[in-house]
1. Which numbered condition in (1) part of a loop (DSSP other than H, G, I, E, B); (2) away from chain A (no Cβ under 14 Å) is the only one that B:Leu150 fails?
2. For region A:121-147: of the residues being over 24 Å from A:Ile97 (Cβ atoms) and either over 19 Å from the mean Cα position of the chain (by Cα) or surrounded by fewer than 24 Cβ atoms within 10 Å (Cβ to Cβ) (or both), which is farthest from the other protein chains (Cβ to nearest Cβ)?
3. Looking at (1) outside the structural domain of B:Lys72 (by TED's automatic domain parsing); (2) buried (at least 21 other Cβ atoms within 10 Å of the Cβ), can you tell me which one B:Glu211 breaks?
4. Take residues that are more than 17 Å from B:Leu176 (Cβ to Cβ) and more than 21 Å from the chain's Cα centre (by Cα) and tell me which of the strands (runs of 3 or more DSSP E) falling wholly in region B:218-332 contain 2 or more.
5. Please determine, by comparing only the residues of region A:1-27 that are outside any loop (DSSP other than H, G, I, E, B) and over 30 Å from the mean Cα position of the chain (by Cα), which one is modelled with the lowest pLDDT.
6. Condition first: under 21 Å from A:Phe306 (Cα atoms) and crowded, with 23+ Cβ neighbours inside 10 Å. Now tell me which residues in region A:244-267 satisfy that.
7. Which of the following residues is more than 15 Å from A:Gln200 (Cα to Cα), touching a residue at least 24 places away in the same chain (Cβ under 8 Å) and in contact with a Leu (Cβ under 9 Å, 6 or more places away or on another chain): A:Gly127, A:Gly70?
8. Quick one: which residue in A:Ser172, A:Ser223, A:Ser217, A:Ser178 is out of contact with any Phe, Trp or Tyr (no Cβ under 7 Å at 6 or more places or on another chain) and over 23 Å from A:Leu292 (Cα atoms)?
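The values are calculated or read from the model by the stated rules, or taken from the named source; none is laboratory data. All values reported here derive from a predicted model rather than from experimental measurement. Neighbour counts are summed over all protein chains in view; Cβ atoms, including those assigned to glycine, are modelled from backbone coordinates with ideal geometry.
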Protein chains: 2
Amino acid sequence: MTKKDAKISEFEIINKFLRPLSLGESGAFQFTDDAAILPQIGNNEQYVVTKDIIAINVHALDTDPPSTLGRKALRVNLSDLAAMGAEPVAFFMGLIINPRIDEVFLCNFASGLMIDVKKYNIPLLGGDIICDNSSFSISITAVGKTTDNLVLRSNGAQKGELLWVSGSIGDSALGLLSSKKEITYELTKGNIAHLVNRYQIPQPRIALGQELLNIASACTDLSDGLLADIKKLCKNSGLGCTINGSQLPLSNPAKLLLSSDVKFLETIVTGGDDYELAFSSRKENTEKLQELAKKLRVPISCIGEFTSGPEIRFYNDNGKEMNFLTDGYEHN
Amino acid sequence: MTKKDAKISEFEIINKFLRPLSLGESGAFQFTDDAAILPQIGNNEQYVVTKDIIAINVHALDTDPPSTLGRKALRVNLSDLAAMGAEPVAFFMGLIINPRIDEVFLCNFASGLMIDVKKYNIPLLGGDIICDNSSFSISITAVGKTTDNLVLRSNGAQKGELLWVSGSIGDSALGLLSSKKEITYELTKGNIAHLVNRYQIPQPRIALGQELLNIASACTDLSDGLLADIKKLCKNSGLGCTINGSQLPLSNPAKLLLSSDVKFLETIVTGGDDYELAFSSRKENTEKLQELAKKLRVPISCIGEFTSGPEIRFYNDNGKEMNFLTDGYEHN
């Protein structure tokens, strides 16, 4: 690890805050060396790797508690592993800090991250720290594993299969609006906390992803927005789909906001940062999927069906087709 | 890959500039999916992973050609793999771009990187792009492999062993000074180009690192500065050392500058960014090392000896002990 020109020395940051995150994993060499060795895996196992950067002002607000920032960065990457059906193994972390980042910030950042390192039993094996005048950014590379090269791809959906999503959609985008004081409707403190929590600390669907290896034909996680990510699934599979808005899984605060102003529908389906899984599965798997959801205690909802496409048609509660100005962050 | 709010769409950046860097490696899934599968390795092989960030204004100048930026970022990581004796396999790349980064910049960036992707036969397997108002930054995670868990560590040096370095020291730091117009001494254009090139495009000593697995007892790469990194070797091995300044391997332009002003000695031994290897080996290995250097066409120089320490003593050409205000970027 190298760091240049910061107030707190690299030695202090590593010793006080980062080394404990390795959970004593031998291949981390206690961060004294130039690289780390990944733990041995079985002959029929393979490593699955993803890399996502989280930056303040892009994926997090500078008013978010520092204790949530590392957790979000890690969970966003775990969500990518979940979408491939991989089991988390270890991670690497690059931090871009700036002169305004002090020891209290770093302490809270690391304490929060430790909660998830333990929760997901995923040791930090190495990384890098640099200091400049940029926003605080966290670049995580997460390593997972799978067996027999089996992963969930985004290109395997078939016409006539059902489109499912896990959890609830839109909470995170509404939580962001709420954090930015852009919601005038008066929600209870509990409802606001629910939405903001979903923005700050997403729930990667790791167990679900692994179980879906045998039952889903395509899968992705919802990071850019429901419509944008479903568009990706459709495009990669060479299909289209119909989405029934009436079946969208919404939390109570999301339902309240939507009933107060229909404009929130666009936020819900395009806002992104859901980190739920969207996947396709044959109709005959419906019961099996419902049992699986019950076993894992992760709600899943069938929200549509894949068509020969390429159109993605979204119907509202009254069966009327809706068009949105944007699909999400990305417009391919 | 996800990207938010940039002028050029993620789709375009990936399609035009990044996808070719995967060299068609199947586990990259053409960057359509949420993660990648690392290529299979043998039963007795292990993955070695390192992660270093390069940021403009920290490790590169905004006047550096964009074609060199990705190469430096990759090579800095390859240098870490070399220091562990690992063989490069693949890499992942996160880019933090900003609204001032245009298509021409990205095209030059990717063309430069492609040179090294082919040179080192190291495919890009995935990554992430975000856009904010920060400096252009490149976060690379490089994956290498080794056999039987054998890696070069930084803690194995023994008292009485010799201290060696590869290549020449100080060129990069002098190249940085030259780029910043902070050198008044008149060097020829060729000499300036040599120094600047060493700053912009370091030479990772990959083949040397792998050969050293059987002959060096400790190794690190020189990134923070000769003295800082040797201090790390000494500290991790519980030793000290003596360094003979007269034996420092210097290029001709470095020699010229040093003869013009002795102040450049501090730049040379503390400036960093050398990306040469420093390693320890038993005295009886000297001939073997010299043959190895000849075979690989990589010059190596014995510059000192490990002592019971903990002091690191640097002697100049006249045998006088020198002290420097700083060891390098980091002061543990």
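1. All conditions are met except number (2).
2. In this case the residue turns out to be A:Asn121.
3. With respect to (1) outside the structural domain of B:Lys72 (by TED's automatic domain parsing); (2) buried (at least 21 other Cβ atoms within 10 Å of the Cβ), B:Glu211 is out only on (2).
4. B:240-244, B:300-307, B:312-315
5. A:Phe11
6. Listed by number, the list holds a single entry, A:Leu248.
7. It is A:Gly127.
8. A:Ser178
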